[in-house]
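Data first, discussion second: the structure below is written as structure tokens.
The values are calculated or read from the model by the stated rules, or taken from the named source; none is laboratory data. Keep in mind the model is a prediction, meaning the values are calculated, not measured. We place every Cβ from the backbone using ideal geometry, glycine too, and count neighbours over all the protein chains shown. We work out accessible area using only protein heavy atoms, side chains counted, and drop any ligands, DNA or RNA first. Shrake-Rupley method; radii C 1.70, N 1.55, O 1.52, S 1.80 Å.
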Amino acid sequence: MAATATHPDATSKPTPLRLTDKHGRAITDLRVSVTDRCNYKCVYCRTGTEGAQYAELPIADYLRMVRVFVSLGIEKVRLTGGEPLLRKGLVEMVAALAGMRTSFAADGAPLAAGAGQPLDIALTTNGHLLEDLAQPLKEAGLGRITVSMDAVNREKFARITRVPDSFDKVLAGVRAAKRVGLDPVKVNCVLLRGFNEDQIVEFAKFSRDEGIIVRFIEFMPLEEDRVWTPEVVVRLKEILAALNKFQPVMPLAPNAASETALRYTFADGLGEMGIIAPVSHPFCGHCSRVRLTSDGKIRTCLFSQFDHDLYGVLRRGGDDAALAAFIQRTVNQKEARHHIGEPDFLKPSRSMVHIGG
Ligand code: SF4
């Protein structure tokens, strides 16, 4: 099923090739959006009147497409949205993913069917529905979770999400995720100048008190409307300066070359912060990610100008070999990097809520 290279001696078995783009990057991480509906209206994301919803597909169709991606070398699947916990059948989807195995060894050698490792399954959520779903998701096979949380101040949180009384729900969700043993539990905070840069030290305390990893994200131009400007971005240097004012910060080694966050802790080792700095410190050179949108389109980069209709191949009766070939061709066209802040920068053809994190 996987793409192959023909060996000179025609009798030998063709060798499956691992998913790689034309820049030589191994593509091992797939982010799957299972809905573009969301129960929040965050000020830096849902900025416009773009009410249009794209689509949601049957969970079985996502699983079919993911299975082909896994046969090509995907090892990590992150479920996203909109808000994925709104999606019925999500727990069952996680259970099905937990039954899948990776297809290649660390050195890229193909493995016999079923001989690989369990998939690394993660999820990104706004946490509003997490308190009740943490246990069933964990039991189904979810390994780790990231909760989007942009303030630890109750009023500020409600102003950012534009949903009253949302903070306590999300805090309860974060604590439930930790209690049931999802590991790690991470909180992502998108920083906007004039909105929540005063939360940096509060989040450092939160990380130390709650024992969860907090990651600060530089605001990217992925919102519905055109509110992004370079001036609104709170950059890595500024975040570190604020943290160092609180306590001396020490860098930590990356967990993997493709990790997007630069990791830090404090001198006493308590608390872990990450800084995801796509604007001031881009990490495209090690990018290992592609995305599948809620309507079944492949996005090779967050900032792509194009969608690639994988679901169209499936709907037209394409078999797994046809899906695999489409994926290979598409991934091969993956962009080298983003061009944020450059004269030729073009806003992507979709906003974040319609791409998935
Ligand atoms: S901007 Fe595109 S290439 Fe760069 S890290 Fe993000 S997805 Fe990868």
Has the range 298-308 got any residue that is within 13 Å of the ligand (Cβ to nearest atom), closer than 27 Å to Ala60 by Cα and in contact with a helix residue (DSSP H, G or I) (Cβ under 6 Å, 6 or more places away or on another chain)?
yes
Contact list, first residue from the range 273-285 and closer than 14 Å to Pro221 by Cα, second anywhere and near the ligand (Cβ under 10 Å from one of its atoms) and open to solvent by 10 Å² or more (accessible area, probe 1.4 Å), beta-carbon distance below 6 Å, six or more apart or interchain, is Pro278/Met220; Val279/Ile340
Counting only residues that are in a helix (DSSP H, G or I) and of a type in the set (Val, Ile, Thr), the range 147-194 contains a total of 4
Counting only residues that are assigned to a loop (DSSP other than H, G, I, E, B), farther than 20 Å from Lys178 by Cβ and out of contact with any Leu (no Cβ under 6 Å at 6 or more places or on another chain), the range 195-235 contains a total of 13
Margin query: Any residue at all in the range 318-338 that's within 30 Å of Ile200 (Cβ to Cβ) and either out of contact with any Asp or Glu (no Cβ under 9 Å at 6 or more places or on another chain) or at pLDDT 95 or above (or both)?
Written below: yes
*asked:* Just checking, does the range 81-96 include any residue being part of a helix (DSSP H, G or I), touching a Gly at 6+ places or on another chain (Cβ under 8 Å) and either among the basic types (Lys, Arg) or more than 16 Å from Ile27 (Cα to Cα) (or both)?
replied: yes
Going through the range 246-273 in order, the residues found to be crowded, with 17+ Cβ neighbours inside 10 Å and within 15 Å of the ligand (Cβ to nearest atom) are Ser258, Thr260, Ala261, Leu262
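Checking the conditions here, which among Ser148, Ser166 is hydroxyl-bearing (Ser, Thr, Tyr) and under 18 Å from Arg78 (Cα atoms)?
On the way: Ser166 fails: under 18 Å from Arg78 (Cα atoms).
Exactly one of Ser148, Ser166 is hydroxyl-bearing (Ser, Thr, Tyr) and under 18 Å from Arg78 (Cα atoms), namely Ser148.
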Taking the range 289-326 and keeping residues under 18 Å from Arg18 (Cα atoms) and either open to solvent by 10 Å² or more (accessible area, probe 1.4 Å) or hydroxyl-bearing (Ser, Thr, Tyr) (or both) leaves Arg289, Arg291, Thr300, Asp320, Ala321, Ala322, Ala325, Phe326
Filtering the range 327-353 down to residues that are surrounded by 13 or more Cβ atoms within 10 Å (Cβ to Cβ), within 30 Å of Cys45 (Cβ to Cβ) and either away from the ligand (no atom under 15 Å from the Cβ) or over 22 Å from the mean Cα position of the chain (by Cα) (or both) yields Ile327, Val353
Reported set for the range 60-77 where residues are open to solvent by less than 30 Å² (accessible area, probe 1.4 Å), touching a Leu at 6+ places or on another chain (Cβ under 8 Å) and assigned to a helix (DSSP H, G or I) is Tyr62, Leu63, Met65, Val66, Val68, Phe69, Val70
Within the range 302-336, residues being in a loop (DSSP other than H, G, I, E, B), on the phi < 0 side of the Ramachandran plot and not hydrophobic (A, V, I, L, M, F, W, C) number 9
